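The values are calculated or read from the model by the stated rules, or taken from the named source; none is laboratory data. Keep in mind that what you see is a predicted model, and the values were worked out from it rather than measured. For neighbour counting, all protein chains shown are included, and Cβ atoms are generated from backbone atoms with ideal geometry for every residue, glycine included. Only protein heavy atoms, including side chains, enter the accessible area calculation; ligands, DNA and RNA are left aside. Shrake-Rupley method; radii C 1.70, N 1.55, O 1.52, S 1.80 Å.
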Amino acid sequence: MNISNFDLNLLRVFDAMMAERNVTRAAQRVFLSQPAVSHALARLRKEIGDPLFVRAGREMIPTARATELGSAVHTMLDQLALVIGKTRFDPRTSAAVFRIGIVDVREYILAPLFAKLMREEASRIRFLVHGFDDSNFQAQLASGALDIAISMPQLPAPGIHSRKISTQTLVGLVRKGHPLTRGRATAGQLEKAGVTGEVVYATPHFLAVPTLLANSNLLLVTSDNVARLLCGQHSLSVVQLPVRVPIEPHIMWHERTHHDPAQRWMRDKVLEGETALTRR
């Protein structure tokens, strides 16, 4: 292999395939089309003289040669990014990609901030938002699958940084005219209104929640930030709960991005956005 003519972009595709084990997901990770990733893999196989990945069901399993190369390639790309990242970050011209692990309800809070950043400060940046996996997100931060995760506080693994982004309070959210909207809800009022604390409707789809509340006597327990946003868009009312329960979401990241100027900028923007929401 003639290294002087080697296309380093092929290694970006290879690194994405090692992480995702799937051509479609790897294409999304590096913002290429699926055919472009397949073509890059074909070129890389020819250059290295190895199949690199073989299909097993829906996954592409790395060969022994690919496994041997995997960690070295990932380390090399990280080091290259670190060297390049020492140049000054300018959001007006940067095309940085931010991979964020977050639950949908917190994305609902932060989406206006992300939209404003793209509209007013950094028109070329890109977001790749992943569903939050509580059991695996710290490993995803370490591997590069995620740059930032937003979570309730957890004991950080080695190399993981964590910082509180706000202190919020749990409140109840109900339809307008609900019996509980007359003053602060007491335990007796909750029981009389049929709110026993039992979960009667579980869904992974946050989009359905406002309609569900507006057409029932159910009560949603959520943060005051989320409640304010939903009340501004739907016919809903906030109910103060009998007991004040504070929650403290944290932003978490790995040491590999700790000094990266683009990632540091994004972390600061998330902190600023959450602080502004809490002060409303």
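Among the residues making up segment 1-47, those that are of a type in the set (Phe, Trp, Tyr) and under 19 Å from Leu128 (Cα atoms) are Phe14, Phe31.
Listed conditions (1) open to solvent by 30 Å² or more (accessible area, probe 1.4 Å); (2) of a type in the set (A, V, I, L, M); (3) in a helix (DSSP H, G or I); (4) within 30 Å of Phe114 (Cα to Cα) are all met by Leu32, apart from (3).
Residue check: Ala19 meets all listed conditions (1) under 24 Å from Phe98 (Cα atoms); (2) assigned to a loop (DSSP other than H, G, I, E, B) but one, namely (2). Set side by side, the residues Gly183, Gly188 differ, and just one is modelled with pLDDT under 80, part of a helix (DSSP H, G or I), surrounded by fewer than 16 Cβ atoms within 10 Å (Cβ to Cβ) and not hydrophobic (A, V, I, L, M, F, W, C), which is Gly188. Quick check on Phe98: is it surrounded by 17 or more Cβ atoms within 10 Å (Cβ to Cβ), in contact (Cβ under 8 Å) with a residue 60 or more places away in the chain and out of contact with any Phe, Trp or Tyr (no Cβ under 9 Å at 6 or more places or on another chain)? The answer is no for Phe98. Looking at Leu146, Leu117, Leu128, can you tell me which residue is modelled with pLDDT of 90 or more, surrounded by 19 or more Cβ atoms within 10 Å (Cβ to Cβ) and not in a helix (DSSP H, G or I)? Among Leu146, Leu117, Leu128, only Leu146 is modelled with pLDDT of 90 or more, surrounded by 19 or more Cβ atoms within 10 Å (Cβ to Cβ) and not in a helix (DSSP H, G or I).
When each of Ala227, Ala202, Ala276, Ala208 is tested for being exposed (fewer than 15 other Cβ atoms within 10 Å of the Cβ), free of Cβ contacts under 8 Å to residues at least 60 places away in the same chain and closer than 24 Å to Ile165 by Cα, the lone residue that passes is Ala276. Please verify whether segment 236-255 includes one or more residues that are farther than 30 Å from Gln79 by Cβ, hydroxyl-bearing (Ser, Thr, Tyr) and surrounded by fewer than 15 Cβ atoms within 10 Å (Cβ to Cβ). There is no residue in segment 236-255 that is farther than 30 Å from Gln79 by Cβ, hydroxyl-bearing (Ser, Thr, Tyr) and surrounded by fewer than 15 Cβ atoms within 10 Å (Cβ to Cβ). If we keep just the residues of segment 131-141 that are at pLDDT below 90 and among the small types (Gly, Ala, Ser), which is surrounded by the most Cβ atoms within 10 Å (Cβ to Cβ)? Among them, the one singled out is Gly131.
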